[in-house]
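Reading through the structure tokens given below for one structure.
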């Protein structure tokens, strides 16, 4: 192999390495479409909480942010009221802990797909969830039991 061909091969290999490294950096820093949007940190999960203007909170993975928030693998909290308290007419005491459950989106009557495109105007704010949060632990337990 002559010197010119060797230099050209070296240049091509170096270019591939630089482009591959650049792609990896952009993908891991949430710059490319389709990447999960999250904060950096050692204890941050891929899950986020999305707080909407109507008071609803959804938990899931934010994949990209453009004109709308692309939320997938969605869960939400459901507060189950005690029917015995309602029937007897007594109010629940403030010290009583509410019956709250985490519900996977998709099992509702209308059968939604496990993806939401949420208009930015409906989003108050988002929070990245820690890997050891109760919500992420419940999601991991749910997915492990499937």
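Please treat every number below as a calculation from the coordinates, not as lab data. None of the values given here were measured: they were computed from a predicted structure. Every residue, glycine as well, gets a Cβ built from its backbone with ideal geometry; the counts of neighbours run over all protein chains shown.
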| message | Could you sort the peptides 126-138, 8-20 by per-residue average Cβ neighbour count (10 Å cutoff), highest mean leading? | response | 126-138, 8-20
| said: Between residue 10 and residue 100, what is 0.36 nm times their sequence separation minus the Cα-Cα distance? Round to one decimal in nm. | reply: 26.3 nm
| task | Could I have the simple spin-label model distance between residue 81 and residue 119, label points 7 Å from Cα toward Cβ, reported in nm to one decimal? | result | 2.9
| request: Return the distance in nm (one decimal) between the two label points of a simple spin-label model at residue 134 and residue 68, each offset 7 Å from Cα along Cα→Cβ. | output: 3.2
